[in-house]
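**Student:** This structure is in structure tokens; I'll ask about it shortly.
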Amino acid sequence: MKKKELWEEIEKGKEEDYFLKKHREWLEKKTGLKDQKEETEATAHELFCPMCKTALKQESKGSFRIRRCRTCGGGWLDQDGLEKLSLMITENR
């Protein structure tokens, strides 16, 4: 093998190493972002108490869905529950 051919093989190997390294970095970044996205989606469904930042537990009281804080005891209704409560109050007047 001539020196020129040997040099070209070395350069080709360096180029392949470079792109392999870049591909690995891209895969690690993509995998990390995927893990972060899954973690974010999992916690997006979980709501937290605005007072003490504890996860809220969903309970049902009749036709109402209430999210209650186990720490401070606060309770929160969703939009539908709030409208039902408002109608009940106005009907009972």
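The values are calculated or read from the model by the stated rules, or taken from the named source; none is laboratory data. Predicted, not measured: the structure shown is a model, and the values here were computed from it. Methodologically, a virtual Cβ is constructed for each residue, glycine included, from the backbone with ideal geometry; neighbour enumeration extends over all protein chains shown. When the accessible area is computed, the model is the full protein with side chains, heavy atoms only, and any ligands, DNA or RNA have been set aside. Shrake-Rupley method; radii C 1.70, N 1.55, O 1.52, S 1.80 Å.
**Student:** Considering only protein heavy atoms, with the full assembly of protein chains and a 1.4 angstrom probe, order L20, L56 by accessible area, largest first.
**Tutor:** Working: L20 75, L56 30 Å².
Heavy-atom accessible area, descending, gives L20, L56.
**Student:** Now for a different question. Lysines near K29 by alpha-carbon distance under 23 Å, same-chain residues fewer than 8 away left out - which ones?
**Tutor:** K14, K21, K37
**Student:** Oh, and also: Under a crude label model (7 Å from the Cα following the beta-carbon direction), how far is S86 from K29 in nanometres?
**Tutor:** Placing both labels 7 Å beyond Cα along the Cβ direction yields 4.7 nm.
**Student:** Using a basic spin-label model with each label point 7 Å from the Cα along Cα→Cβ, how many nm lie between E46 and Y18?
**Tutor:** Spacing of the two 7 Å Cα→Cβ label points: 4.5 nm.
**Student:** Working out 0.36 nm times the residue gap between I10 and R68, then minus their Cα-Cα distance, what length gain in nm do you get to one decimal? Can you show the working numbers first?
**Tutor:** Details: separation 58, 0.36 × 58 = 20.88 nm, distance 6.61 nm.
Full extension from I10 to R68 adds 14.3 nm.
**Student:** Please compute the net charge surrounding L77, taking Lys and Arg as +1 and Asp and Glu as -1 over other residues with Cβ under 15 Å from its Cβ. Don't jump to the answer; show the numbers that get you there.
**Tutor:** Working: positive: K57, K61, R65, R67, R68, K84; negative: E59, D78, D80, E83.
Net of charged neighbours comes to +2.
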